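The values are calculated or read from the model by the stated rules, or taken from the named source; none is laboratory data. Given the structure is predicted, the values throughout are model-derived calculations rather than measurements. A quick note on method: Cβ atoms are made from the backbone with ideal geometry, for glycine too, and the neighbour counts reach across all protein chains shown. When the accessible area is computed, the model is the full protein with side chains, heavy atoms only, and any ligands, DNA or RNA have been set aside. Shrake-Rupley method; radii C 1.70, N 1.55, O 1.52, S 1.80 Å.
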Amino acid sequence: METVVLLGCLDTKGDEYAFVRDLLTRAGIKVVVVDTGVLGPPTFTPDIARGEVAAAAGHDIARLAAGSGAVAVDAMATGAAEIVRRQWARGDCDGALALGGTGGTSIAARAFNVLPIGVPKVIVSTAVVTGNAASYVGHSDLVLFPAITDIAGVNRISTPILSNAAAAVIGMVRNRPPEFDASRTAVVASMFGVTTTGVTAARRRLTEMGYEVIVFHQTGVGGQTMERLIEEGHFGGVLDVTTHELVDRLVGGVFRAGDERLTTAGRLGLPQVVSLGALDMVNFHGPETVPDQFAGRRILEHNPAVTVVRTEPDEAAKLGATVAERLSAATGPVSLFLPLRGMSAYGVEGAPFHDPTADAAMFDAIRSSVAANVELVELDLAINDSRFTEAMAERLHSYLESP
């Protein structure tokens with residue numbers, strides 16, 4: 001029997017949780033109810049009481065109830081994450097569901113994000129329309145259902161919303177994904193719109209050689225998710241063509257990588273072949289979001305949602321040093337490919353961001369600081385030239401074929 005962890009505050013939202021619990025139970029789902037409330041008594045008896053949740057975070061529930069609300073939310077989120085982790089470890093969690101406002105969504109999101117990608121996780125939340133959804137989803141596959149109303153009663157508006165969410169979770173936990181060829185070695189690749197042509201050529205070549213290629217869009221969250229899955233051991237090798245999130249981290253753009261970007265594969269000793277894709281631009285949203293400090297710089301509207309700013313030589317040099325430093329720390333085989341004719345579709349000769357001086361500053365910084373363990377490959381080609389990225393693919397293949 002499939003098991004769903006139903007997690008949330010049974011003091012303020014007990015009726016709603018009882019309604020959803022009954023929907024799941026009538027569908028033949030085993031439900032483990034976890035109470036994360038800290039105010040009044042629960043409306044019904046949970047399977048895992050709030051005291052156990054607090055204790056999992058090293059707190060006493062009575063003290064949390066008497067103290068700061070912010071402290072209580074943080075503690076219950078920590079404890080809930082530990083409870084969900086335990087349920088998953090013992091094989092008693094096929095999916096997870098929660099209902100909440102901003103506080104309940106915060107608790108449930110942190111708890112559910114400990115589950116591996118692919119395990120169904122759903123929150124019916126009033127916070128979806130606040131524009132802050134990314135802070136809850138993070139680099140997981142969490143699904144947020146707009147609650148429409150507050151989670152405050154089972155009525156003609158909330159009933160179909162809650163029923164749809166329950167039905168979605170039931171379908172998810174009973175779904176069996178199609179089989180795939182697990183015998184193929186999986187490799188990860190990084191891509192952005194301005195490197196799509198090159199990465200597509202590399203992906204095609206790697207696929208021809210028998211690999212399963214999984215591509216991540218480098219929008220900050222994409223790079224963080226990629227690093228997380230590398231950490232979890234899903235991949236045999238890394239084709240990191242597009243490292244541009246490091247620019248936004250350095251200069252202040254919106255697609256910022258986490259601190260671990262370009263470090264995980266090296267720390268784990270995985271074979272990696274890396275390039276400098278889109279390190280020639282900083283990313284913002286609409287043109288009106290570009291800070292005043294970039295006035296006078298080359299600015300291009302990539303699409304209505306993304307505006308890019310050309311990096312300057314001093315920024316390029318710092319980025320080159322960062323790439324060199326992170327790859328030099330690698331414990332496994334690593335190559336760094338320099339595209340001497342341009343790092344993006346906008347950086348080639350005749351394109352808006354063509355800047356040989358800035359490019360040279362990055363290349364020189366890399367040459368002067370990269371360690372001997374990094375194989376430096378310089379090609380008089382642009383990053384979107386299929387010959388460039390296919391050469392990267394061939395190098396990764398040579399690493400993976402080596403005993």
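Taking the stretch 227-242, which residues are assigned to a loop (DSSP other than H, G, I, E, B) and more than 14 Å from V215 (Cβ to Cβ)?
Within the stretch 227-242, E232, G233, G236 meet the criteria.
Specify the residue that is farthest from P46 (Cα to Cα); the eligible residues are those in the stretch 1-19 that are of a type in the set (D, E) and outside any helix (DSSP H, G or I).
E2
Does E245 satisfy being without any contact (Cβ under 8 Å) to a residue 60 or more places away in the chain, of a type outside the set (A, V, I, L, M, F, W, C), on the phi < 0 side of the Ramachandran plot and surrounded by 22 or more Cβ atoms within 10 Å (Cβ to Cβ)?
yes
Looking at G171 and the list (1) open to solvent by 70 Å² or more (accessible area, probe 1.4 Å); (2) outside any loop (DSSP other than H, G, I, E, B), which single condition is not satisfied?
It is condition (1) that G171 fails.
Tell me, please, whether a residue that is in contact (Cβ under 8 Å) with a residue 24 or more places away in the chain, of a type in the set (S, T, Y) and open to solvent by less than 30 Å² (accessible area, probe 1.4 Å) can be found in the stretch 136-143.
yes
Among A109, A165, which is touching a helix residue (DSSP H, G or I) at 6+ places or on another chain (Cβ under 6 Å), in contact (Cβ under 8 Å) with a residue 24 or more places away in the chain, open to solvent by less than 30 Å² (accessible area, probe 1.4 Å) and in a helix (DSSP H, G or I)?
A109
Identify, please: which residue in the stretch 192-216 is assigned to a helix (DSSP H, G or I) and among the hydrophobic types (A, V, I, L, M, F, W, C) and is, among those, surrounded by the most Cβ atoms within 10 Å (Cβ to Cβ)?
A202
Looking only at the stretch 50-96, how many residues end up being closer than 23 Å to V31 by Cβ, exposed (fewer than 14 other Cβ atoms within 10 Å of the Cβ) and of a type in the set (A, V, I, L, M)?
Counting residues in the stretch 50-96 that are closer than 23 Å to V31 by Cβ, exposed (fewer than 14 other Cβ atoms within 10 Å of the Cβ) and of a type in the set (A, V, I, L, M) gives 1.
Inside the stretch 392-403, can you point out the residues that are of a type outside the set (D, E) and either open to solvent by less than 30 Å² (accessible area, probe 1.4 Å) or at pLDDT below 95 (or both)?
M392, A393, L396, S402, P403 - these are the residues of the stretch 392-403 that are of a type outside the set (D, E) and either open to solvent by less than 30 Å² (accessible area, probe 1.4 Å) or at pLDDT below 95 (or both).
Please state which of the following conditions G342 fails to meet, knowing it meets all the rest: (1) without any contact (Cβ under 8 Å) to a residue 12 or more places away in the chain; (2) crowded, with 20+ Cβ neighbours inside 10 Å.
So G342 meets the others, but not (1).
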